[in-house]
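Report on the following structure.
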Amino acid sequence: MPNFHTYATKSLPFIAFDVKWIPSSSKLTLIGQSIDGMGSIQIYDIDANGISLLEETEKHEVFKCGTFASSSLHTRHFATGDFSGKLSLWNLERLEMPVYSVQAHKEIINCIDGCGGSIAKNGPPEIATGSRDGSVKIWDTRQKATPVGIINPTKPGADVWAVAFGNSWSDQERSVGIGYDNGDIKLVDLRNMSFIWGDNVKDGICSLEFSQKTSPNCNLVATTVQSKLNVFNQQTDHVAHHEYKAHESTIWCIRHLPQNPDFFMTSGGDGCIALHKYEPNGQVKSLDTSKISAQPVCAIDWNHDKPGLCASVAFDQTVTVSLISDLE
């Protein structure tokens with residue numbers, strides 16, 4: 001049975017909205033809003049002494065979301081979306097200026113995901129951004145200023161809260177899942193920009209993730225404001241939908257374990273992180289829960305090199321590194 005172990009917790013001098021492990025390292029990148037209203041990028045190292053700050057920088061626009069998923073291990077460029085609607089790509093060793101930047105949207109970028117990098121190796125290095133303006137745009141950073149795809153809202157006033165790349169099992173095949181504030185979920189084939197399927201779960205979609213980016217036979221999981229976990233199974237000729245209650249309040253984030261996607265973690269407005277597992281019959285079993293904060297845990301991320309090593313940030317301005325043992 002898996003067990004939670006809190007390795008270290010550190011108070012932060014700013015509000016963190018997202019956390020990501022820097023690939024092939026023991027370092028974390030945190031982004032958010034500083035006390036004086038500026039955007040903040042901070043880099044922390046995890047070692048025997050706990051969590052220590054290595055570098056920080058402030059920019060004019062507040063950062064909302066980030067990903068390494070479109071970058072190679074050679075570059076390890078970090079893509080961010082900010083409150084002004086700007087998409088930027090950063091070399092974390094030289095944070096003075098982004099290596100790529102574009103005004104992607106007219107309003108805040110709520111969510112971001114990547115494909116074609118060291119995590120999902122198939123296809124071109126692409127980034128998906130979802131905005132309050134209701135659109136999702138697909139960017140290839142080798143092309144300046146122009147998106148390679150645009151998915152416009154199907155309903156007036158739609159607000160995109162979640163995006164996720166998936167079904168990338170070859171250099172040609174890939175799709176993007178989109179979650180909206182009204183509970184709509186849409187899956188779009190990016191090869192020909194065609195609609196695959198959609199649903200509505202009657203509640204705002206806070207987070208969305210495929211259990212595996214590079215498999216056509218996997219689950220697409222959506223978490224909602226009203227504590228529900230929605231699992232869409234793509235292993236049959238139709239999409240089966242199962243719903244579960246996973247926290248006592250909003251489920252802010254979901255992340256599958258890279259080394260074994262049968263396991264996944266959720267974070268909640270109840271200040272908890274919770275571990276779940278897919279059963280052989282396709283159902284979801286809740287395994288264990290750890291209370292790590294008095295405030296909502298807004299973001300979590302697994303380390304891709306060390307199985308069970310997890311980082312999370314909460315609205316009480318803390319970052320927590322946990323180790324989950326016996327993930328078998």
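The values are calculated or read from the model by the stated rules, or taken from the named source; none is laboratory data. If you're wondering where the values come from, they're calculated on a predicted model, not measured in any experiment. Using ideal geometry, Cβ is built from the backbone for each residue, glycine included, and neighbour counts are taken over all protein chains shown. Areas reflect the complete protein model, heavy atoms only, side chains present, ligands, DNA and RNA absent. Shrake-Rupley method; radii C 1.70, N 1.55, O 1.52, S 1.80 Å.
Numbers at a glance
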quantity: In the stretch 163-182, the residues that are crowded, with 19+ Cβ neighbours inside 10 Å and either touching a Phe, Trp or Tyr at 6+ places or on another chain (Cβ under 8 Å) or part of a loop (DSSP other than H, G, I, E, B) (or both); calculated: Ala164, Phe165, Gly166, Asn167, Ser168, Arg174, Ser175, Val176, Gly177, Gly179, Tyr180, Asp181
quantity: Checking Thr154 against (1) open to solvent by 80 Å² or more (accessible area, probe 1.4 Å); (2) touching a Cys at 6+ places or on another chain (Cβ under 8 Å); (3) among the β-branched types (Val, Ile, Thr), the condition it does not meet; calculated: (2)
quantity: Residues located in the stretch 125-158, provided they are among the polar types (S, T, N, Q) and in contact (Cβ under 8 Å) with a residue 24 or more places away in the chain; calculated: Thr129, Ser131, Ser135, Thr141, Thr154
quantity: Pairs where the first residue, in the stretch 159-178, is free of Cβ contacts under 8 Å to residues at least 60 places away in the same chain and closer than 15 Å to Arg255 by Cβ and the second is basic (Lys, Arg) and surrounded by 23 or more Cβ atoms within 10 Å (Cβ to Cβ), C-beta under 9 Å, 6+ apart; calculated: Ala164/Lys213; Gly166/Arg174; Gly166/Lys213
quantity: Scan of the stretch 243-265 for residues that are open to solvent by less than 20 Å² (accessible area, probe 1.4 Å), in contact with a Ser or Thr (Cβ under 8 Å, 6 or more places away or on another chain) and assigned to a strand (DSSP E or B), ordered by number; calculated: Ile251, Cys253, Ile254, His256, Phe264
quantity: Tally, over the stretch 267-308, of residues that are open to solvent by less than 30 Å² (accessible area, probe 1.4 Å) and not in a loop (DSSP other than H, G, I, E, B); calculated: 17
quantity: Complete set of residues in the stretch 207-223 that are touching a residue at least 24 places away in the same chain (Cβ under 8 Å) and either surrounded by fewer than 23 Cβ atoms within 10 Å (Cβ to Cβ) or not in a strand (DSSP E or B) (or both); calculated: Ser211, Gln212, Lys213, Thr214, Ser215, Pro216, Cys218
quantity: Given (1) of a type outside the set (Gly, Ala, Ser); (2) open to solvent by less than 10 Å² (accessible area, probe 1.4 Å); (3) in a loop (DSSP other than H, G, I, E, B), index of the condition Leu229 fails; calculated: (3)
quantity: Members of the stretch 46-79 found to be open to solvent by less than 70 Å² (accessible area, probe 1.4 Å) and not in a strand (DSSP E or B), listed by number; calculated: Val62, Phe68, Ala69, Ser70, Ser71, Ser72, Thr75, His77
